[in-house]
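First the structure, in the form of C-alpha cells, and then the observations on it.
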Amino acid sequence: MSKQIVPLLLLVAFLAISCSTKKPEPKKNSFAPVFEAYKKTLTEKRINDIQLIESIPALSLTTLDGKEIEVGHGGSRPAVIIFFTTWCPVCERALPQIDLALDKELRRKVSVIAVGREHTEAELHVWRKMTGNTLDVVADPTKDIYLQFADKIIPRIYLIDGNGNVIYQDVGWNERIQGLLFQAIESLQ
C-alpha cells in the first residue's frame with residue numbers, strides 16, 4: 001500500500017507546483033544601470049536633444065516589403081528603431097554600420113527597423129537600391145510615427161523591449177553610441 005502512496009504523493013506535489021497561480025518574476029533589464037550611468041554623463045542640452053522617453057505606444061509598422069511588424073505590444077519582439085533621412089550625413093554613416101554589425105544571432109533577438117522620416121515609399125525604394133541596405137525600412141512621409149517619439153534631431157535610435165519599454169535611446173552616431181546600443185541588445189534575455 002505504501003508503494004502506491006509515494007507515487008500518488010509525488011503526482012499531487014507535481015500538480016500543485018505546476019498549477020501554481022504565482023506569476024513569474026518580470027525579467028530585469030540588466031542594461032538599466034549602464035544606461036543610468038550614461039545619462040549622468042550627458043549635458044542638459046544633450047538630454048533635451050534626446051527627449052528621453054520611458055515607453056512607446058503600441059505600433060504596427062508596415063515595411064517597404066509589406067511585412068507587418070508589431071512593436072511595443074505586450075509580448076512582442078524587442079526592436080531597434082532608427083529614425084533617419086536619406087540626406088543626413090550622420091545617418092549615411094550609421095545605417096550601413098548597423099546593418100553590417102547586426103549578425104544573424106542579434107537579428108534573431110531583435111527586429112531592426114529604419115524609419116524614413118518625411119520620405120515616401122518610392123523614395124526609400126530608390127535609396128535602398130542605391131545603398132544595398134538590408135534593414136526593414138518603413139516610410140513615414142508625414143512624420144506621424146516620428147512625432148510619437150520626438151520632434152527634432154536624427155538619427156534617433158531606440159531599443160524597445162517586447163512590452164514597449166525603452167531600454168536605450170540616443171541621437172546621433174559615434175563609436176560610443178554604437179557600443180552602448182550593441183551592449184543593450186546583448187543584455188536582452
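For the pair LYS40 and THR142, label points projected 7 Å from Cα toward Cβ lie 4.4 nm apart.
Among the chymotrypsin sites (Phe, Trp or Tyr not before Pro) in the stretch 73-143, those located in a DSSP loop and surrounded by at most 12 other Cβ atoms within 10 Å of their own Cβ are TRP87.
Among LEU124, LEU42, the order by Cβ neighbours within 10 angstrom, fewest to most, reads LEU42, LEU124. Considering all C-alpha pairs of the stretch 68-175, those separated by over 15 Å amount to 62%. In terms of surrounding Cβ atoms within a 10 Å radius of their Cβ, ILE69, ILE167 rank from fewest to most as ILE69, ILE167. In terms of other Cβ atoms within 10 Å, ILE160, ILE47 run from fewest to most in the order ILE47, ILE160. The stretch between ALA58 and LYS109, if pulled fully straight at 0.36 nm per residue, gains 16.5 nm over its current Cα-Cα span. Taken over the stretch 27-187, lysine pairs spaced eight or more positions apart, or on distinct chains, with alpha carbons under 18 Å apart number 6. For VAL112, the amide hydrogen comes within under 5 Å of the amide hydrogens of VAL80, ASP136, counting only partners 5 or more places away or on other chains and with H modelled in the peptide plane. Restricting the stretch 24-124 to GluC sites (Glu not before Pro) that sit in a DSSP loop and have at most 10 other Cβ atoms within 10 Å of their own Cβ leaves GLU54.
Pair-distance distribution of the stretch 128-174: all C-alpha pairs, bin width 10 Å, starting at 0; shares per bin in whole percent are 20, 48, 31, 2. Distance between the pseudo-spin-label points of VAL90 and THR131 (7 Å out from Cα toward the beta carbon): 1.5 nm.
FYI, it's all coordinate maths here, none of it is from the lab. Given the structure is predicted, the values throughout are model-derived calculations rather than measurements. All Cβ positions, even for glycine, are placed from backbone atoms using ideal geometry, and neighbour counts span all protein chains on display.
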